[in-house]
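This report refers to the structure that appears directly beneath it.
The values are calculated or read from the model by the stated rules, or taken from the named source; none is laboratory data. All figures in this text were calculated on a predicted structure; none of them were measured in a lab. FYI the Cβ positions are ideal-geometry reconstructions off the backbone, even for glycines, and counts take in every protein chain you see.
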Amino acid sequence: MKLGIVGAGAVGAAVAMAVCGRGHACSITLVDKNAARARGVATDLRYGVPVSPLVEVAAGGYDALVDADLVIVTAGINEKAGGATDRSDPLGRLRLLDANVKAYEDIIPQVVAAAPNATILIVTNPPEPLVEVARALAGHDHVLSTSTFLDTLRFRVHLGERFEVSPASVNAQVIGEHGTNSVFLWSTATIGGVRVEDLVAKRGWSYPEFRRSIEDGVRFANITIIEGIGASQYGIGIVTARLAEIIVRNECAIVPVGSHQPEHGVTLSLPTVVGSRGAVEVLWPQLSEDESRALETTASRLRQVVQEHAPSGARVAASA
């Protein structure tokens with residue numbers, strides 16, 4: 001199974017390292033506008049391969065993506081470089097869209113020319129609008145994004161920490177968008193089959209205060225990380241590698257990822273059966289009235305952003 005990664009910066013390198021560790025790709029090809037960076041990352045990783053699952057790691061141009069089964073796109077302006085690290089900014093990651101649309105107008109046609117049958121996985125922020133851009137530029141629907149997969153894991157980690165249990169024992173999801181308007185599904189959040197709301201009440205905590213604290217921790221996790229190390233890269237690297245594994249193994253696992261939702265006219269992140277060609281089926285979760293309204297607000301906002309900032313082809317595709 002051949003996998004390509006476009007973008008060998010902090011996130012692309014973290015993805016490549018995590019993919020090497022999981023060992024479910026036969027070869028990884030790194031592509032970057034800075035060819036020396038791609039070669040450096042590939043060379044560095046190759047020295048660790050002898051004690052890891054065997055995988056061929058190389059760098060090259062877009063032509064090296066020929067026969068790739070999956071192409072992961074991490075290239076573009078990140079939050080720090082794009083000025084998206086203000087917790088009070090309602091745009092959040094959406095502030096990066098204009099710059100990253102320009103990058104995608106160059107990247108996606110070259111990816112498709114080299115690997116027309118590859119599934120495309122979007123990691124660049126903001127992922128939901130960029131799925132619409134990539135769909136239009138690629139001319140096919142085998143496009144999905146990491147979206148709220150990482151937010152969901154962050155949600156579970158924060159809940160696990162507060163209740164002093166393993167996050168693997170927490171069942172909770174974030175849907176909608178990987179951004180300031182993400183929707184936390186508190187109504188169905190459970191630990192060991194017990195509703196989180198009931199556990200909060202049992203401990204005598206303020207439920208509104210508890211929710212606000214958890215949501216802030218998740219929404220601004222990337223900014224907290226950037227303030228410490230300059231880039232949010234390792235968590236998304238691990239998540240992307242897991243999602244790549246699901247795709248290349250055609251696992252049909254259910255994870256919250258972004259794909260185009262015709263009934264909403266835009267890409268949203270929802271629990272999705274994921275296989276070798278991307279999103280196989282979306283499983284709509286049970287939502288409270290508040291959560292349904294919040295998701296519609298997110299969808300409306302994303303539609304507006306795509307209509308205002310995306311290329312004409314993406315605007316038409318999003319409204320279809």
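Any idea how many residues of the range 160-210 are within 24 Å of S300 (Cα to Cα) and of a type in the set (D, E, K, R)?
The qualifying residues number 1.
Just to be sure I understand the filter: pairs with C-beta atoms under 6 Å, separated by 6 or more residues or on different chains, first member in the range 69-89 and in a loop (DSSP other than H, G, I, E, B), second member surrounded by 19 or more Cβ atoms within 10 Å (Cβ to Cβ) and of a type in the set (D, E). Which pairs pass?
T85/E79
Could you list, in sequence order, the residues of the range 277-320 that are polar (S, T, N, Q), within 29 Å of I246 (Cα to Cα) and modelled with pLDDT of 95 or more?
S292, T298
In this structure, does A241 turn out to be at pLDDT 95 or above, of a type in the set (A, V, I, L, M, F, W, C), buried (at least 17 other Cβ atoms within 10 Å of the Cβ) and under 14 Å from V143 (Cα atoms)?
No, not satisfied.
Within the range 210-219, does at least one residue satisfy the condition of being in contact (Cβ under 8 Å) with a residue 40 or more places away in the chain, on the phi > 0 side of the Ramachandran plot and within 25 Å of the chain's Cα centre (by Cα)?
The answer is no; no qualifying residue exists.
Can you list residue pairs whose Cβ atoms sit under 6 Å apart, with the first residue in the range 267-289 being over 19 Å from P126 (Cα atoms) and the second being at pLDDT 95 or above and part of a loop (DSSP other than H, G, I, E, B)? Count only pairs 6 or more apart in sequence or on different chains.
Short answer, once both residue conditions are applied: V273/C252; G275/N250; G275/C252; S276/N250; R277/H142.
Of the residues that make up the range 129-146, is at least one at positive phi and in contact (Cβ under 8 Å) with a residue 40 or more places away in the chain?
Among the residues of the range 129-146, not one is at positive phi and in contact (Cβ under 8 Å) with a residue 40 or more places away in the chain, which makes the answer no.
Does A14 fit the bill of being in a helix (DSSP H, G or I), of a type outside the set (S, T, N, Q) and out of contact with any Leu (no Cβ under 9 Å at 6 or more places or on another chain)?
yes
So how many residues does the range 161-191 have that are farther than 21 Å from I254 by Cα, free of Cβ contacts under 8 Å to residues at least 40 places away in the same chain and either assigned to a helix (DSSP H, G or I) or not hydrophobic (A, V, I, L, M, F, W, C) (or both)?
3
Taking the range 90-100, which residues are surrounded by fewer than 20 Cβ atoms within 10 Å (Cβ to Cβ), hydrophobic (A, V, I, L, M, F, W, C) and not in a loop (DSSP other than H, G, I, E, B)?
A99 - this is the single residue of the range 90-100 that is surrounded by fewer than 20 Cβ atoms within 10 Å (Cβ to Cβ), hydrophobic (A, V, I, L, M, F, W, C) and not in a loop (DSSP other than H, G, I, E, B).
Which residue is farthest from Q261 (Cα to Cα), if the candidates are limited to the range 139-186 and must be surrounded by fewer than 21 Cβ atoms within 10 Å (Cβ to Cβ) and of a type in the set (G, A, S)?
Checking each candidate, the answer is S166.
Would you be able to say whether some residue in the range 20-30 is free of Cβ contacts under 8 Å to residues at least 40 places away in the same chain, assigned to a loop (DSSP other than H, G, I, E, B) and under 21 Å from the mean Cα position of the chain (by Cα)? Full working, then the answer.
Residues of the range 20-30 that are free of Cβ contacts under 8 Å to residues at least 40 places away in the same chain, as a first pass: 20, 23, 26-30.
The next check asks that each one be assigned to a loop (DSSP other than H, G, I, E, B); those that pass are 23, 26.
Add one more test, that the residue is under 21 Å from the mean Cα position of the chain (by Cα), and what stays is 23.
Yes, the conditions are met somewhere in the range 20-30.
Under the condition of being crowded, with 24+ Cβ neighbours inside 10 Å and among the small types (G, A, S), which residue from the range 15-26 is nearest to G76 (Cα to Cα)?
A16
Can you confirm whether L153 is of a type in the set (A, V, I, L, M), closer than 20 Å to W284 by Cβ and touching a helix residue (DSSP H, G or I) at 6+ places or on another chain (Cβ under 8 Å)?
Judged against the criteria, L153 is not a match.
Here's a check for you: in the range 49-64, which residue that is among the hydrophobic types (A, V, I, L, M, F, W, C) and in contact with a Cys (Cβ under 8 Å, 6 or more places away or on another chain) is modelled with the highest pLDDT?
V57
Could you please find all residues in the range 11-39 being in contact with a Phe, Trp or Tyr (Cβ under 9 Å, 6 or more places away or on another chain) and of a type in the set (G, A, S)?
A14, A18 - these are the residues of the range 11-39 that are in contact with a Phe, Trp or Tyr (Cβ under 9 Å, 6 or more places away or on another chain) and of a type in the set (G, A, S).
Can you confirm whether the range 39-58 contains a residue that is under 24 Å from H142 (Cα atoms), among the basic types (K, R) and not in a strand (DSSP E or B)?
no
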